[in-house]
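Laboratory data are not the source of any read-out in this text; all were calculated from the coordinates shown. In this text, all values refer to a predicted model and were calculated from it rather than measured experimentally. Please note: Cβ atoms are built from the backbone with ideal geometry, for glycine as well, and neighbour counts cover all protein chains shown.
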Ligand SMILES: [Zn+2]
């Protein structure tokens with residue numbers, strides 16, 4: 001791609017545009033994966049509550065294995081989505097024409113730290 005960039009300026013423009021479109025798509029996917037992850041977190045937490053309840057009440061002890069299996073199903077799904085999100089991060093990092101900006105963040109009320117992050121994809125240096 002870089003070779004073409006030096007040969008033809010117009011083509012460079014096209015490549016950048018396509019990259020921006022692609023990075024927009026992956027940014028959108030990443031946002032959605034974050035939403036899915038947050039939902040899966042809630043589901044797993046609910047299963048923890050159910051299992052907690054089973055452990056407190058002997059009457060339902062026989063349900064333990066079944067509910068653990070159900071919980072595990074969602075834990076595995078969460079791992080799968082985490083992997084998918086990581087892939088999006090990689091694609092975004094490759095495609096984004098980073099626009100870096102500096103900002104101060106507070107670590108403690110007295111102490112702050114300077115960070116450099118991309119305005120588009122939020123990648124932090
Ligand atoms: Zn970026």
_So if each residue of separation counts as 0.36 nm, and I subtract the Cα-Cα distance between residue 63 and residue 77, what length gain in nm does that give?_
2.9 nm
*In vacuum, with every alpha carbon of region 71-122 counted as one equal point scatterer, what does the Debye formula give for log10 I(q)/I(0) at q = 0.23, 0.29 Å⁻¹? Two decimals, please.*
-0.83, -1.00
*Length released on extending from residue 108 to residue 22, taking residue separation times 0.36 nm less the Cα-Cα span*: 27.2 nm
*Kindly state, to the nearest 0.05, the FRET efficiency for residue 100 paired with residue 41, given R0 = 41 Å and r defined as their beta-carbon distance.*
0.85
*Kirkwood Rh, Cα atoms: Rg over Rh of region 24-104*: 1.23
